[in-house]
(Lines give C-alpha, C1' and ligand atoms only; values in the text may rest on other atoms or scores of the structure.)
Protein backbone atom coordinates (compact mmCIF):
# COMPACT_ATOMS: atom_id res chain seq x y z
CA UNK A 1 0.00 0.00 0.00
CA UNK A 2 2.87 2.37 0.77
CA UNK A 3 4.42 1.43 -2.54
CA UNK A 4 1.16 2.44 -4.23
CA UNK A 5 1.47 5.96 -2.85
CA UNK A 6 5.10 6.21 -3.91
CA UNK A 7 4.42 4.94 -7.42
CA UNK A 8 1.35 7.14 -7.96
CA UNK A 9 3.07 10.39 -6.93
CA UNK A 10 6.22 11.10 -8.96
CA UNK A 11 9.29 12.26 -7.00
CA UNK A 12 8.26 10.45 -3.80
CA UNK A 13 11.36 9.20 -2.00
CA UNK A 14 10.46 7.59 1.33
CA UNK A 15 7.18 6.60 2.97
CA UNK A 16 6.99 5.69 6.66
CA UNK A 17 4.13 4.78 8.99
CA UNK A 18 4.96 5.50 12.61
CA UNK A 19 3.39 5.40 16.03
CA UNK A 20 2.86 8.61 17.99
CA UNK A 21 5.82 7.71 20.21
CA UNK A 22 8.18 7.46 17.24
CA UNK A 23 8.36 3.77 16.39
CA UNK A 24 8.48 2.83 12.72
CA UNK A 25 5.58 0.48 11.93
CA UNK A 26 6.12 0.18 8.15
CA UNK A 27 8.33 1.71 5.48
CA UNK A 28 8.85 1.89 1.76
CA UNK A 29 11.77 3.29 -0.23
CA UNK A 30 14.21 3.57 2.63
CA UNK A 31 16.39 1.43 4.86
CA UNK A 32 15.50 0.56 8.45
CA UNK A 33 17.94 2.99 10.09
CA UNK A 34 16.69 5.95 8.05
CA UNK A 35 13.06 4.98 8.71
CA UNK A 36 13.76 4.75 12.46
CA UNK A 37 15.43 8.19 12.50
CA UNK A 38 12.58 9.70 10.53
CA UNK A 39 9.98 8.12 12.82
CA UNK A 40 11.74 9.43 15.93
CA UNK A 41 11.95 12.95 14.49
CA UNK A 42 8.27 12.80 13.52
CA UNK A 43 7.25 12.02 17.08
CA UNK A 44 8.72 15.32 18.21
CA UNK A 45 7.19 17.18 15.30
CA UNK A 46 3.70 15.83 15.88
CA UNK A 47 4.01 16.75 19.55
CA UNK A 48 4.98 20.33 18.65
CA UNK A 49 2.13 20.48 16.14
CA UNK A 50 -0.35 19.33 18.77
CA UNK A 51 0.88 22.09 21.10
CA UNK A 52 0.32 24.68 18.38
CA UNK A 53 -3.11 23.22 17.58
CA UNK A 54 -4.29 24.01 21.10
CA UNK A 55 -3.96 27.71 20.26
CA UNK A 56 -6.98 27.46 17.98
CA UNK A 57 -10.02 27.85 20.25
CA UNK A 58 -12.50 25.98 18.06
CA UNK A 59 -10.25 23.06 17.14
CA UNK A 60 -9.79 19.79 18.96
CA UNK A 61 -6.04 20.18 19.53
CA UNK A 62 -5.03 17.42 17.15
CA UNK A 63 -2.55 17.71 14.31
CA UNK A 64 -3.85 16.79 10.84
CA UNK A 65 -1.06 17.68 8.41
CA UNK A 66 2.38 19.26 8.56
CA UNK A 67 4.35 20.21 5.46
CA UNK A 68 7.95 21.37 5.63
CA UNK A 69 9.86 22.62 2.60
CA UNK A 70 13.65 22.42 2.79
CA UNK A 71 16.35 22.89 0.18
CA UNK A 72 16.00 19.82 -1.98
CA UNK A 73 12.52 18.67 -1.12
CA UNK A 74 9.45 18.41 1.02
CA UNK A 75 8.43 16.56 4.16
CA UNK A 76 4.80 15.63 4.86
CA UNK A 77 3.37 14.29 8.12
CA UNK A 78 -0.31 13.34 8.32
CA UNK A 79 -2.41 11.83 11.10
CA UNK A 80 -3.32 8.36 9.87
CA UNK A 81 -5.35 6.67 12.58
CA UNK A 82 -5.47 6.46 16.35
CA UNK A 83 -1.87 6.96 17.47
CA UNK A 84 -0.40 6.51 13.96
CA UNK A 85 1.04 8.88 11.37
CA UNK A 86 2.04 8.75 7.72
CA UNK A 87 5.31 10.50 6.83
CA UNK A 88 6.66 11.13 3.33
CA UNK A 89 9.89 12.62 2.01
CA UNK A 90 9.69 13.88 -1.58
CA UNK A 91 12.01 15.61 -4.00
CA UNK A 92 11.54 19.30 -4.77
CA UNK A 93 9.75 18.59 -8.05
CA UNK A 94 6.85 16.79 -6.37
CA UNK A 95 3.32 18.03 -7.06
CA UNK A 96 2.25 19.11 -3.56
CA UNK A 97 -1.46 18.87 -4.35
CA UNK A 98 -1.10 15.37 -5.76
CA UNK A 99 0.92 14.30 -2.72
CA UNK A 100 -1.66 15.66 -0.30
CA UNK A 101 -4.47 13.94 -2.17
CA UNK A 102 -2.54 10.67 -2.38
CA UNK A 103 -1.85 10.71 1.35
CA UNK A 104 -5.50 11.53 2.17
CA UNK A 105 -6.69 8.72 -0.10
CA UNK A 106 -4.32 6.23 1.50
CA UNK A 107 -5.34 7.23 5.02
CA UNK A 108 -9.04 7.04 4.07
CA UNK A 109 -8.58 3.55 2.60
CA UNK A 110 -6.52 1.99 5.36
CA UNK A 111 -6.67 4.48 8.24
CA UNK A 112 -8.41 2.10 10.63
CA UNK A 113 -5.58 -0.39 10.06
CA UNK A 114 -2.95 2.29 10.74
CA UNK A 115 -3.46 2.46 14.47
CA UNK A 116 -1.11 2.13 17.36
CA UNK A 117 -2.94 1.72 20.66
CA UNK A 118 -1.23 3.16 23.73
CA UNK A 119 1.24 0.81 25.34
CA UNK A 120 0.21 -0.55 28.71
CA UNK A 121 2.61 0.12 31.56
CA UNK A 122 4.14 -3.11 32.70
CA UNK A 123 4.44 -3.39 36.42
CA UNK A 124 6.86 -5.67 38.15
CA UNK A 125 5.22 -8.62 39.93
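The values are calculated or read from the model by the stated rules, or taken from the named source; none is laboratory data. Keep in mind it's a predicted model, so treat the numbers as computed, not measured. Quick reminder, even Gly has a Cβ in these numbers, built from the backbone with ideal geometry, and neighbours come from all protein chains shown.
Overview of values
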{"item": "Yes/no for residue 81 being at positive phi and at pLDDT below 90", "result": "yes"}
{"item": "Test: residue in segment 16-23 that is under 21 Å from residue 92 (Cα atoms), without any contact (Cβ under 8 Å) to a residue 40 or more places away in the chain and buried (at least 19 other Cβ atoms within 10 Å of the Cβ)", "result": "no"}
{"item": "Meets criteria (at pLDDT 90 or above and surrounded by fewer than 14 Cβ atoms within 10 Å (Cβ to Cβ)) for residue 91", "result": "yes"}
{"item": "Output for segment 27-64, where each listed residue is exposed (fewer than 15 other Cβ atoms within 10 Å of the Cβ) and touching a helix residue (DSSP H, G or I) at 6+ places or on another chain (Cβ under 7 Å)", "result": "59, 61, 62"}
{"item": "Near pairs, Cβ below 8 angstrom, 6+ apart or cross-chain, from segment 38-50 (in contact (Cβ under 8 Å) with a residue 60 or more places away in the chain) to any residue that is in a helix (DSSP H, G or I) and surrounded by 14 or more Cβ atoms within 10 Å (Cβ to Cβ)", "result": "none"}
